[in-house]
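The values are calculated or read from the model by the stated rules, or taken from the named source; none is laboratory data. Quantities reported herein were computed from a predicted structural model and do not represent experimental measurements. With ideal geometry, Cβ positions are generated from the backbone for all residues, glycine too; neighbour counts draw on all protein chains shown. For the accessible areas, the whole protein counts, side chains as well, though only heavy atoms, and no ligand, DNA or RNA atoms are used. Shrake-Rupley method; radii C 1.70, N 1.55, O 1.52, S 1.80 Å.
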Amino acid sequence: MKKLATCFGAALLAASVSLSAQKPMTAPAGGKAISDELIGIFFEDISSSADGGLFAELVQNGSFEFNANEQDGWGPATAWKVIRPGHSLGYIQPLINANIDQSFTSSYNSNTVMRLRTERVKEYKDYKGWKGFGLQNDGFGGIVVKAGEKYDFSVRLGNTKEAKQVRVALVEPQGWNKDPKLLADVVIDIPAPANGKAIEWKAYSVTLTPTADCKKAALQLLVLTEGDVYIDDVSLMPQDTYKGHGLRKDLAQALADLHPKFMRFPGGCVVHGGGDGFWNTYRWKNTIGPRDQRVQQKNTWGYHQSMGLGYYEYFQFCEDLGMAPLPILPCGVSCQGTNGGWGMWPEQAQDVAPMDQMDEWVQDALDLIEWANGDPATSKWAKMRADQGHPKPFGLKYLGLGNEEKISPEFSERFRYIYKKVREAHPEITIVGTAGPGSHPDNPDFENGWKLADELGMPIIDEHYYEKNDYFLKSRQYDQYPRDRKTKVYLGEYAAKDKKLIDALAEGLYLLHVERNGDVVCMTSYAPLFAKKDATNWNPDLIYFDNERPYLTCSYYVQQMFGQSAGQYYYGDCVKFEGDAPDVIQPQEDVHYGQSVVLNVKTRKLYVKICNASADAKKAHVNLSRFGLKKQAVKTVLSGLPTQENNYDQQPIAPQKETVKAQKKFTLDVAPYSFTMLEYSL
């Protein structure tokens, strides 16, 4: 009971237990206990969701770690350009694994530093004071800055011989052979090396405050003194981040407004290297500690990961939003897309670690639990967490092992091994397994995944499926699931395959079905979560964004209403649609409308949700006589044409709210292609 209670939250606890200041209530008769953690979010670094997205860093490749071994066309100077205003002269030279200062490179996990050799500093009168030799970074398609806001710049500089000066400037470029518009600048004085050192490294930080707004700003570093300067770890961060924790404020707020109960991270295919194999597997230990000590690597979706958004930031964000963290770890098996497994050579897919090496993967899982939950006084991993600024445990209760791998005999053997070891060491942790890709009853992986779950008595299994909206309009998959299974369902990745209103309504109708089966399904998360304009790997996505703002889809608003209306009890007999037989409980396979009534005994809130994904208006007869309603309710309606969608040019569809009189019995007119939610205080 103790282990499964983490899945069902307060639904399996006594109604007298409350986590809120309000006095909890006893649920009226007729309700079914369901999970109150049904709506969460799934963050994967896909479509530039992290660097250039949720992670607020404004400089791209600030550590010069892009590597041609990872992808053609990459190199230490990727995202940088040489600048020489006033016709100053010099050249840049990346030093890869160079023993220029072993104490520096070993301390900061720096494979590459950039040498700027300035040979002549010249100022021509036409350049109005601009001079120097250096580098410019345009960030991720331009840097957005606002007048009067503060931006923290930091860099590590290595100096040789005499003292030097470096000018740091935020500018708005004006085109070739024209002076940029100056937004903010400061000159850093670098002293000569002390004690006869050939090179002396020091960290420098300054604050830049732009004098004007700019959507396409650039950062310039100009050496004003002849000679050699070495550069590494360039960073520009806005001071105004979400709760001061380094995340882009508007994107983080969009997630907070979903009211998610948990967050799964870091993927997805990112977890086990996608099609690249073990070398590109996501290893959580490389993503903690100071950012200049983290190991960067290629992202399986075709770009670079700085790991500035790492496990510490994920856990911290979960804490900021009151979400349960759900980290997913690899378990010694690569993605089945490895070695051409998605295409011509499926028989070569899925690399596996030898069984005599599996203890390494086990230890990663055990160490993560220690890092998240351990005592800094007795655990070296917990001490690392405390040293980073969080002595209090994060309270990890869920751990995912594997991500939709093909349920081959090799996978099953390795999963059993790591599952047993983690369970023995930490029985308090709820393990989430996988049902493989394409979680439908006619899929062999689905059958094998559930067979493995039943054999192990696995607490939760993760199902994934992406389908056209017709599937979500008609399927009632969970009605058929056995009620006596020990294993609960986490629907970890799903979406209708478009972003029109009808797709969002299909997902909403399906979520009504999930709520009705909230005794079988304990968690869900739409995927993918984010996609950047002009850098999108996958469609559809819940939130699109550019450097200025997020763009919220119709599906986002449906998810938001379900996130706002979590509860512990489901009532299926409070709403009847006119024309239906008296004993019909919605939603059904052959109709495109449905309803759900959910009670939250902790917050003393009641939610009535009605989805009409059909072309005909409906009348819903609502009877809430068993509940003690207060005088007013909040009505939220999302509606429009079925083919409408929100995009970068316009946002035609958004929920409309109004305060209405609370009635115990009434008839509601439900518009075609609409989703309605009524919220009552009790």
Place +1 on the Cβ of every Lys and Arg and -1 on the Cβ of every Asp and Glu in the stretch 377-534, take the dipole about the Cα centre, and give the residue among Ile460, Thr524, Ala425 whose Cα lies farthest towards its positive end. Ala425
Neighbour net charge for Gly628 - beta-carbon separation under 10 angstrom, K R +1, D E -1: +4
How much area per residue is accessible in the chain when the probe is 1.4 Å and only protein heavy atoms are counted (Å²)? 40 Å²
Output for the stretch 436-486: chymotrypsin sites (Phe, Trp or Tyr not before Pro) sitting in coil per DSSP, at most 12 other Cβ within 10 Å, listed by number, reads none
Rounded to whole Å, give me the distance from the Cα center of the stretch 146-162 to that of the stretch 164-226. 6 Å
Heavy-atom accessible area order for Ser596, Ser625, largest first, 1.4 Å probe: Ser625, Ser596
Any chance you could look up the accessible area of Arg84 with a 1.4 Å probe, heavy atoms only, rounded to 10 Å²? 110 Å²
Compute the normalised compactness of the stretch 537-682: alpha-carbon radius of gyration over 2.2 N^0.38 Å, N being the residue count. 1.12
With +1 on the Cβ of every Lys and Arg and -1 on the Cβ of every Asp and Glu, the dipole magnitude of the stretch 153-214 about its Cα centre, in debye rounded to the nearest 20, is 260 debye
How big is the charge dipole of the stretch 346-486 about its Cα centre, in debye rounded to the nearest 20, if each Lys and Arg gets +1 on its Cβ and each Asp and Glu gets -1 on its Cβ? 660 debye
Can you find, among Gln350, Gly302, Thr378, the residue farthest towards the positive end of the dipole of the stretch 280-435? Put +1 on the C-beta of Lys and Arg, -1 on that of Asp and Glu. Thr378
With n ≥ 4 as the cut-off for DSSP H runs, can you work out [θ] at 222 nm for the chain, using -39500 (n - 2.57) per run divided by the number of residues, rounded to the nearest 500? -5500 deg cm²/dmol
Partner lysines whose C-alpha sits under 16 Å from that of Lys631, ignoring same-chain residues fewer than 8 away, are Lys605, Lys661, Lys664, Lys665
Ordering Ile369, Ile96 by accessible area with a probe of 1.4 Å, largest first, what comes out? Ile96, Ile369
Leaving ligands and nucleic acids out of the surface, order Trp301, Trp130 by accessible area at 1.4 Å, largest first. Trp301, Trp130
Whose amide H sits under 5 Å from the amide H of Glu200, counting only residues 5 or more places off or on another chain, with H placed in the peptide plane? Asn159
Over 25 Å between Cα atoms, which of Lys468/Lys657; Lys500/Lys630; Lys122/Lys164; Lys497/Lys532; Lys576/Lys630; Lys23/Lys249 qualify? Lys468/Lys657; Lys500/Lys630; Lys23/Lys249
Where the accessible area of the stretch 459-504 is counted over protein heavy atoms with a 1.4 Å probe, how much of it, in %, is carbon and sulfur? 46 percent
In whole Hz and in residue order, list the ³J(HN,Hα) couplings for the stretch 202-209 that follow from phi through the Karplus curve 6.51 cos²θ - 1.76 cosθ + 1.60, θ = phi - 60°; x for Gly and Pro. 9, 8, 10, 9, 9, 10, 10, 10
Given charges at beta-carbon only (K, R positive; D, E negative), |dipole| of the chain in Debye: 2220 debye
Using each residue's phi in the stretch 413-428, evaluate 6.51 cos²θ - 1.76 cosθ + 1.60 at θ = phi - 60° and report the 3J(HN,Hα) Karplus result to the nearest Hz, with x for Gly and Pro. 5, 6, 5, 4, 5, 6, 4, 5, 5, 5, 4, 5, 7, 9, x, 6
Assign one of three labels to the stretch 163-257, namely rounded, prolate or oblate, based on the Cα gyration tensor with a ≥ b ≥ c the square roots of its eigenvalues; rounded applies when a/c is under 1.5, prolate when it is not and a/b is larger than b/c, and oblate otherwise. oblate
Quick check: pseudo-label points 7 Å beyond the Cα along Cα→Cβ at Thr667 and Thr241, how many nm apart are they? 5.7 nm
Scan (i) 39.3; (ii) 29.4; (iii) 32.7 for the value of mean projected area of the Cα convex hull in nm² calculated from this model and give just the label. (iii)
Round to the nearest 10 and report in Å² the accessible area of Tyr673, as given by a 1.4 Å probe over the protein chains' heavy atoms. 50 Å²
Hey, how many Å between the Cα centroid of the stretch 504-527 and the Cα centroid of the stretch 232-283? 25 Å
Suppose a student asked you for the relative contact order of the chain, using Cα pairs under 8 Å spaced at least 6 residues apart; what percent would you report? 14 percent
Towards the positive end of the charge dipole of the chain, with charges on Cβ (+1 Lys, Arg; -1 Asp, Glu), say which of Phe43, Leu638, Val113 has the farthest Cα. Leu638
